[in-house]
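A.B. asks: Would you mind keeping the following structure in view while I ask a few things?
The values are calculated or read from the model by the stated rules, or taken from the named source; none is laboratory data. The structure displayed is predicted, hence computed values, not measured ones. FYI the Cβ positions are ideal-geometry reconstructions off the backbone, even for glycines, and counts take in every protein chain you see.
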Amino acid sequence: MMRPAGTPPIVGTALPTRTVVISPVHIVAGAIATRDWRPQHHDRQQCVEVYGLPDIIMNTPTQAGWIASYATLWSGPPGRVARIGFQMRRPIIPGLDLTFSGTIEAAREGEACWWTRLAIALTDGDGIVRTESRALIALPRAGGPQPWRLRGADFPVPSWDLAELREPVA
């Protein structure tokens, strides 16, 4: 799944897909790890009877972690997520076959690394987008420094707008 090290990112390139069957453990463990004790992440009966939800739902920090993980599985260890933004369109619940897919939406060569914006979608088995995301990731240039070693002024994150997420997916 990883990209070849040191190669420049090519706009329009599709990232390999990854499918995960969501279990209650994914949702509950993510909520526990992020210290989110709200019942919609662990109490199915309350979700259905009180909140009118179909089941327990995955929380925001867990989704952010999964999206960042998908991006860095593609980039390999040298890739460094600088920004992430996402819009949750439908809840992620147990039993879904959740597929992660993405494309390289934009790329710029910076002084220290390649800045690459990824468009990432999390879709269910019916092809319905559950979450749409944009991630800005720093990739090392051939012979350049590893982005994880850069600090402060040596790691000037571009101010790319991730606001395209406000428009609904067609």
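A.B. asks: Condition test on Ile32, is it modelled with pLDDT of 90 or more, among the aliphatic types (A, V, I, L, M) and closer than 20 Å to Asp124 by Cβ?
C.D. replies: no
A.B. asks: A follow-up question, please. When you scan the range 37-55, do you find a residue that is of a type in the set (Lys, Arg) and modelled with pLDDT of 90 or more, even just one?
C.D. replies: No: the range 37-55 contains no residue that is of a type in the set (Lys, Arg) and modelled with pLDDT of 90 or more.
A.B. asks: Let me ask something else about it. Out of all the residues in the range 97-109, is one or more of a type outside the set (Asp, Glu), in contact with a Phe, Trp or Tyr (Cβ under 8 Å, 6 or more places away or on another chain), in a loop (DSSP other than H, G, I, E, B) and more than 25 Å from Arg35 (Cα to Cα)?
C.D. replies: So far as the range 97-109 goes, no, none of its residues is of a type outside the set (Asp, Glu), in contact with a Phe, Trp or Tyr (Cβ under 8 Å, 6 or more places away or on another chain), in a loop (DSSP other than H, G, I, E, B) and more than 25 Å from Arg35 (Cα to Cα).
A.B. asks: Need the failing condition index for Pro61 against (1) in contact (Cβ under 8 Å) with a residue 12 or more places away in the chain; (2) more than 30 Å from Thr7 (Cβ to Cβ); (3) in a loop (DSSP other than H, G, I, E, B), just the number.
C.D. replies: The failed condition is (3).
A.B. asks: Also, I was wondering about something else. Taking Val169 as meeting all but one of (1) farther than 25 Å from Val21 by Cβ; (2) modelled with pLDDT under 85, write down the number of the exception.
C.D. replies: Only one criterion is unmet by Val169, namely (1).
A.B. asks: State which residue is nearest to the chain's Cα centre (by Cα) when the search covers only the range 14-50 and only residues that are surrounded by 13 or more Cβ atoms within 10 Å (Cβ to Cβ) and hydroxyl-bearing (Ser, Thr, Tyr).
C.D. replies: Result: Thr17.
A.B. asks: A further question on this structure: Quick one: in the range 91-120, which of the residues that are without any contact (Cβ under 8 Å) to a residue 40 or more places away in the chain and in contact with a strand residue (DSSP E or B) (Cβ under 6 Å, 6 or more places away or on another chain) is surrounded by the most Cβ atoms within 10 Å (Cβ to Cβ)?
C.D. replies: Cys113
A.B. asks: Does Gly125 satisfy being out of contact with any helix residue (DSSP H, G or I) (no Cβ under 8 Å at 6 or more places or on another chain) and not aliphatic (A, V, I, L, M)?
C.D. replies: yes
A.B. asks: Next question. Which ones in the range 75-88 are surrounded by fewer than 21 Cβ atoms within 10 Å (Cβ to Cβ) and either among the hydroxyl-bearing types (Ser, Thr, Tyr) or under 14 Å from the mean Cα position of the chain (by Cα) (or both)?
C.D. replies: Val81, Ala82, Arg83, Ile84, Gly85, Phe86, Gln87, Met88
A.B. asks: If we keep just the residues of the range 127-144 that are in a loop (DSSP other than H, G, I, E, B) and modelled with pLDDT of 85 or more, which is surrounded by the fewest Cβ atoms within 10 Å (Cβ to Cβ)?
C.D. replies: Checked the range 127-144; the qualifying residue surrounded by the fewest Cβ atoms within 10 Å (Cβ to Cβ) is Gly127.
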